[in-house]
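The values are calculated or read from the model by the stated rules, or taken from the named source; none is laboratory data. Computed from a prediction, not measured in an experiment: that's the story for all the values here. Don't worry about glycine lacking a Cβ; one is built from the backbone with ideal geometry, like all the others, and counts go over all protein chains shown. Only protein heavy atoms, including side chains, enter the accessible area calculation; ligands, DNA and RNA are left aside. Shrake-Rupley method; radii C 1.70, N 1.55, O 1.52, S 1.80 Å.
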Amino acid sequence: MAAPPLCRLVLTHLLVALFGMGAWAAVNGIWVELPVVVKELPEAAAFQGLLLLLPSPPSVPSGGPSTSLRVRTPGAEEEEEASPLQEPPGQAAGTTSSSDPKAHQLFSARSACLLGLLAVTNALTNGVLPAVQSFSCLPYGHLAYHLAVVLGSSANPLACFLAMAVLCRSLVGLCGLSLLGMLFATYLMTLAVLSPCPPLVGTSAGVVLVVLSWVLCAGVFSYVKVAVSSMLHGGGRPALLAAGVAIQMGSLLGAIAMFPPTSIYHVFHSGEDCVDLCGS
């Protein structure tokens, strides 16, 4: 079967990019504006609730749709790449055979770890961390909050471009990167719990640390999500469907987990304008 012409593939990629940009423009645009408008609008924090009325971005895994710019020469033999979901020969011994090879790969221990990693990273980036971003940043000033939101949003696409050039396919390496991201997330959660008087408040070092932590945390987790989704892409449609379920379930559980401490028990506290609560 002849490959489609290059111009058609380029047009397909361009349309996919425009579709994704249109879905994310409203969400990221309003989120970036929050540090500026949330204190000015009469709706205040209720303003974030209006985001629920926006259409959600497409739930395609971060690896992207299955399009390819590879041009095949006529008559050339196509070598099938081994799926990253396939268990190593030593680990696959003794497992029951399945009529669907891709379904067998999907239920392997390796794919279960990848799906779990995808769910955890999305729970943190889409549910847990956004709920405490204002508490961790505002004690250091509106500039720190604004820089953390803007640069953190910019770290996402930059990490995706990095994954296009250097893609980690090692499960151990991805787990190590996830632990690194969790260290940054733990630091940010600690700042949020200690709000409105976190360490180094009122200093330039505190501003640099909180902004840098948000940028690195967003970048590391974005890279992990892209790498895991790209690895699951080799498992075909069942793996991509499972990845979409893991993304949505992780995001849902992360948001549900943060609702009681933020809205019921008020674990996190905000500062007051023109009031020094830290005695500095």
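Atom-type composition of the exposed protein surface of region 116-227 places 79 percent of the accessible area on carbon and sulfur (1.4 angstrom probe).
Just the number please: accessible area per residue for region 180-259, 1.4 Å probe, all protein chains included, in Å². So region 180-259 comes to 42 Å² accessible per residue, rounded to a whole number. Each residue, Val27 and Val166, gets one label point 7 Å from its Cα in the Cβ direction; the gap between the two is 2.8 nm. In whole angstrom, region 125-273 maps to an equivalent ellipsoid with semi-axes of 30, 18, 11, each derived as √(5λ) from the alpha carbon gyration tensor and ordered largest first. Over every Cα atom in region 145-210, the radius of gyration and the widest Cα-Cα span, Dmax, amount to 14.9, 42 Å.
If each residue of separation counts as 0.36 nm, what is the full-extension length gain between Leu216 and Val16 once their alpha-carbon separation is subtracted?
On the way: separation 200, 0.36 × 200 = 72.00 nm, distance 2.71 nm.
Gain on extension, Leu216 to Val16, equals 69.3 nm.
Test of understanding: extend the Cα→C-beta vector of Thr190 to 7 Å, then name every residue of region 145-180 with backbone N under 19 Å from that spot. Taking a point 7 Å out along Cα→Cβ of Thr190, the residues of region 145-180 whose backbone N falls under 19 Å are 178-180.
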